[in-house]
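Rule-based calculations on the coordinates, nothing more; no lab input. Remember, it's a predicted structure, so these values are computed and weren't measured experimentally. Counting neighbours? That spans all protein chains shown, and the Cβs are built from the backbone with ideal geometry, glycine included.
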Amino acid sequence: ADSLRTLASHVGLRVGTAVNTDKLAADTAYAGIVADQFSTVTAENVMKWDTIEPSRGTENFGPADQLVSFARAHGQLVRGHTLLWHNQIPGWLTAGVADGSITSSALRDIVRRHITDEVSHFRGKIWQWDVANEFFTDSNPSTINPNDFWVSHLGVGIIADAFRWAHAADPHALLFYNDYNIAGEDGSNAKSDAVYAFVRQLRSQGVPVDGVGDQGHLDTQYGFPTLLTQDLRRYTAAGFKVAITEADVRTFVKTTDASQTPTDSLATFAQPYEYSQMLKACLAVRDCLSFTVWGVSDADSWVPNTFKGEGYADIYDVNLNPKAAFTAMQQDL
Ligand code: XIL
């Protein structure tokens, strides 16, 4: 059967994966799948600030540059991830803020320089930038998290500034607000409503926001979010592009050994069903530009390290064999 990327090309969709650049360099089977199956790539970690500027003033673009060259060689578009997020911030920065040696006005300059330098470095090579990531929470979904690292030190206005600085550095890149549970996955829809209001407000203030990324981290125990399609459509009706940026569907596992395949019905039926429904939601929305899976295989997944007792979240198994979720996606495309 045809590859995901070939099938997706027929319907004008880009299908992607998050790439572990160490594996890309070391594992030819892994690199082969990335090249053959996907038409867009995201750096799983190496475009985050702690990798890009490990010590103050020292740039480390090498690993990300390698991914960008790989993408160019294979006709893939790159999603840049991510410029402003509360995680994976360099240690020198958090330490400097904590001990007061970095004041808030210095911090603002540091953020401006970081965004300007990174976006300029990749100018012309990034399709979509996740400019701001995860500024809302599930526990207090109606409002931007006042305790967010950036918001608490610099005020909410730093988000708008981040978009302005990114746009100035690369006017052609599509600039995204990216978050999880923002298209109905929270049941109540409170977080979706809040993010929808927020991006419209930014746009009404002339802030250059082009799109909204719904991470798409699903969990079989909650069932499929039935509001997903209509919530994606609500963003696009307001003039935003959308993308599913980090799709995975985690499920319960009996052991942390990722080579053990769970055989219960959530793993066997709910998982491929939810991948299929999530992809169909994107396909049903004209301005849903890309569908990116977070990691190639279950051996790469962030899930076991983050959600206790869960795993088996990706579309290839640990031996790089396609799972039922892969086949489901192939059939939908
Ligand atoms: C995760 C990576 O997959 C892990 O390797 C890393 O240790 C932590 O970050 N939401 C995001 C991603 O926006 O950047 C996160 O990626 C997963 C959750």
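Points worth noting:
- Count of segment 3-29 residues, restricted to those that are among the charged types (D, E, K, R), within 16 Å of the ligand (Cβ to nearest atom) and within 16 Å of Val78 (Cα to Cα), is 0.
- Glu274 satisfies every condition listed in (1) within 22 Å of the chain's Cα centre (by Cα); (2) more than 30 Å from Ala197 (Cβ to Cβ) except (2).
- For segment 268-317, the set of residues classified as charged (D, E, K, R), surrounded by 20 or more Cβ atoms within 10 Å (Cβ to Cβ) and either in contact (Cβ under 8 Å) with a residue 60 or more places away in the chain or at positive phi (or both) consists of Asp300, Asp314, listed by residue number.
- Filtered by the rule that a residue be touching a Leu at 6+ places or on another chain (Cβ under 6 Å), among the polar types (S, T, N, Q) and in a strand (DSSP E or B), segment 15-74 gives a lone residue, Thr40.
- Pair list, Cβ < 7 Å and 6+ apart or interchain, from segment 232-247 residues that are closer than 24 Å to Ser301 by Cα to residues that are in a loop (DSSP other than H, G, I, E, B) and within 13 Å of the ligand (Cβ to nearest atom): Ile244/Gly216; Thr245/Gln215; Thr245/Gly216; Glu246/Gln215; Glu246/Gly216; Glu246/Trp294; Ala247/Gly216; Ala247/Trp294
- If you filter segment 199-253 down to residues that are surrounded by fewer than 16 Cβ atoms within 10 Å (Cβ to Cβ) and closer than 14 Å to Asn181 by Cα, you find that the one that is nearest to the ligand (Cβ to nearest atom) is Tyr222.
- Helices (runs of 4 or more DSSP H) completely within segment 131-204 that count 1 or more residues being within 26 Å of Arg113 (Cα to Cα), of a type in the set (D, E, K, R) and touching a residue at least 24 places away in the same chain (Cβ under 8 Å): 157-169, 190-204
- If you filter segment 46-85 down to residues that are more than 14 Å from the ligand (Cβ to nearest atom) and among the acidic types (Asp, Glu), you find that the one that is surrounded by the fewest Cβ atoms within 10 Å (Cβ to Cβ) is Glu59.
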